[in-house]
Amino acid sequence: MTLLKNGTWRNNTASSWLLKFTFLWLFSQYSCTASAVWTAYMNISFHVGNRMLSELGETGVFGRSSALKRVTGVIVPPEGKTQNACNPTTSFSRTKNSETWLALIERGGCTFTQKIKVATEKGASGVIIYNFPGTGNQVFPMTHQAFEGIVAVMIGNLKGMEILHLIQKGVHVTVMVEVGRKHIIWMNHYFVSFMIVTTATLAYFIFYHIRRLWIARIQNRRWQRLTTDIKRAFGQLQLRVLKEGDEEITPNGDSCVVCFELYKPNDVVRILTCKHFFHKNCIDPWILAHGTCPMCKCDILKALGIQVDIEDGTESLQVLMSSELPEILSPREEEADNEPPPARMSDKATPVEENPTSQNDDRQADLVVENVHPSTLTA
């Protein structure tokens, strides 16, 4: 019964974890769809004295909802000290003859969508947003609302401040933005977090089940050795068959303190190391369950040289003993045996003193019982 329960529990656990893992896998497939990010080539040109200088580099990245096209124009920052363009009344100081211009805006203060909206309402063909101070030239694809035909690009803080300083000195800066390379992003930070948690959880349960199997294997070996020791030890305990005329079955005789029945002729009794005796069919299961004499609480298994944790292993021990002892007879079968081995009158068992406080009615039917071998009995 115990082995069947354990097997069912393990199957249910495995099925439950298979269902959970399938759900997590489907969730990860749904939530982690690959997304494309496009870099931006920026050709920045400006005059220094009589010379025209230009700089070309893949220094920007398009927003996720940006139009992917080439755009050229003059770079124009917002007027005033505030460069984030979060106020709808923000104005841009551009020349009247410039047909196409791109707004240069600082990140922060409001959403990307709001910045792009303010710039487009003022007539910008594109928006260049530079990152926070202290981030160097780090960039990332912005998430914003789509504006038809409007290019939105992020550049690093160092590059943005460099352009802003040139403009503040009166330098005319133009830029040509072109679509760069396409990059596939398979993982975002949510997916990375999900994978870390899933991997850690999976590793824990793998370790947990391996440890359970290892402990179960050790316990199984332990019970196998214990079974052999118990069979050998039980053979050391004396058995006796009562017959007519024995002192124990007289009207004044005692009864078995396990089953509370009077001793009768042909009853098989087992004499323990403490010299108390009981029905064999009663005391054998009792010893397996409790390990002590029901009368004097003497540790029988310990006296026979066997160490076992009775409370933790009672059921497993009884099940294992039932499967390991090949020649067992139930109490009903032994009572039906009409030809018990003879016993001598002189072989008396030690009288059992009545002790009402220690009597327990622990009836256990069809448990472990050993056969009576003639070689162990007195003729």
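The values are calculated or read from the model by the stated rules, or taken from the named source; none is laboratory data. Please read these numbers as outputs of a predicted model, since none were measured by experiment. Cβ placement follows ideal geometry from the backbone for every residue including glycine, while neighbour counts extend to all protein chains displayed.
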| Does Ala203 satisfy being surrounded by 12 or more Cβ atoms within 10 Å (Cβ to Cβ), modelled with pLDDT under 95 and farther than 30 Å from Phe46 by Cα? | no
| message | Please count how many residues of region 56-73 are small (Gly, Ala, Ser), in contact (Cβ under 8 Å) with a residue 60 or more places away in the chain and either under 21 Å from His172 (Cβ atoms) or surrounded by fewer than 12 Cβ atoms within 10 Å (Cβ to Cβ) (or both). | response | 2
| request: Would you mind stating whether Ile271 is of a type outside the set (Ser, Thr, Tyr), modelled with pLDDT of 85 or more and surrounded by fewer than 20 Cβ atoms within 10 Å (Cβ to Cβ)? | output: yes
| request: Select from region 111-140 the residues that are touching a residue at least 60 places away in the same chain (Cβ under 8 Å) and crowded, with 21+ Cβ neighbours inside 10 Å and write down the one among them that is farthest from Trp38 (Cα to Cα). | output: Ile128
| query | Within region 159-199, restricting attention to residues that are surrounded by 15 or more Cβ atoms within 10 Å (Cβ to Cβ) and hydroxyl-bearing (Ser, Thr, Tyr), which residue is farthest from Val127 (Cα to Cα)? | reply | Thr198
| task | Would you tally the residues in region 167-193 being in contact (Cβ under 8 Å) with a residue 12 or more places away in the chain and assigned to a loop (DSSP other than H, G, I, E, B)? | result | 5
| task | Quick one: in region 227-258, of everything that is in contact with a Gly (Cβ under 8 Å, 6 or more places away or on another chain) and under 21 Å from Met295 (Cα atoms), which residue is modelled with the highest pLDDT? | result | Glu247
| Yes/no for Leu164 being over 30 Å from Leu304 (Cα atoms), in a helix (DSSP H, G or I) and touching a strand residue (DSSP E or B) at 6+ places or on another chain (Cβ under 8 Å) | yes
| Could you list, in sequence order, the residues of region 34-55 that are exposed (fewer than 10 other Cβ atoms within 10 Å of the Cβ) and modelled with pLDDT under 85? | Ala34, Val48, Gly49, Asn50
| query | Which one of the conditions (1) closer than 17 Å to Thr39 by Cα; (2) not in a loop (DSSP other than H, G, I, E, B) does Thr143 fail to meet, given that it meets all the rest? | reply | (2)
| note | Expected output for region 214-241 (first residue closer than 14 Å to Asp284 by Cβ, partner assigned to a helix (DSSP H, G or I) and β-branched (Val, Ile, Thr), Cβ below 6 Å, 6+ apart or cross-chain) is Leu239/Thr376
